[in-house]
Amino acid sequence: MKKIIILLLVITATACIPVQITPKFKNQDYKVMLAKKFQKNMPRETAFIFKDSKDAEEFYNYINKKYNLNNIDVGYNVPFQLEGQTLYLSYHEAERTDKNVNLPLVLIDAKRESNGNSSLFENNYTSRTGHWYLILTVYDENIKNCLRDQHPLKEKTIEYLKELKQEYLTTQNYEELLLTKKS
């Protein structure tokens, strides 16, 4: 019994306690949901959300080259064709973070301060890791969200966005997008 208590104390003393955890998408690498539920400052619109493993501004460069926008209105109402209709793609980047409290460092500094010494780990009580996500919305010509359940193009739009995401994540040189056949 004594050994179990000591073991639990050691585990507790060396533990990092998660305070904030980034979302994990079950069974998929994307999620279709209200953007406001994902990030509070986003609009209350249904969006296609996925984790961006590339550097900042990479998606901007990808969209700019893919749709040949010449740095004009990239990210807002980018027109594309699907099933003979013109749809409009917009996107936002959002950061979500993992935060942990490093309990052993807090305890060590508390003990040092109670002994009259200065703290050693004051700036290291928490650790933070950021993850970036892309939030895409698609509207039709009547300004109806194509990712809502009632929209007739919902499934086709999701398939298009899945292909777009895959192409973005696998393409290294966006100039080669200009050489590929447009669909």
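The values are calculated or read from the model by the stated rules, or taken from the named source; none is laboratory data. What you see is a predicted model, and the numbers here were worked out from it, not measured in a lab. Cβ: placed from backbone, ideal geometry, glycine included. Neighbour counts: every protein chain shown.
For residues that are within 23 Å of the chain's Cα centre (by Cα) and at pLDDT below 90, scanning just the range 76-89, find the one that is surrounded by the most Cβ atoms within 10 Å (Cβ to Cβ). Per the criteria, the residue is VAL78. Of the residues making up the range 27-79, those that are part of a strand (DSSP E or B), closer than 28 Å to GLN150 by Cβ and touching a residue at least 40 places away in the same chain (Cβ under 8 Å) are TYR30, VAL32, THR46, ALA47, PHE48, ILE49, PHE50, LYS51. When ASP52 is tested against (1) out of contact with any Phe, Trp or Tyr (no Cβ under 6 Å at 6 or more places or on another chain); (2) surrounded by 12 or more Cβ atoms within 10 Å (Cβ to Cβ), exactly one condition is not met: (1). If you check ASN61, ASN41, ASN27 for being modelled with pLDDT of 70 or more, among the polar types (S, T, N, Q) and either exposed (fewer than 10 other Cβ atoms within 10 Å of the Cβ) or touching a Cys at 6+ places or on another chain (Cβ under 8 Å) (or both), only one passes: ASN41.
When the range 102-141 is filtered for residues that are modelled with pLDDT under 70, β-branched (Val, Ile, Thr) and not in a helix (DSSP H, G or I), the ones remaining, listed by number, are THR126, THR129.
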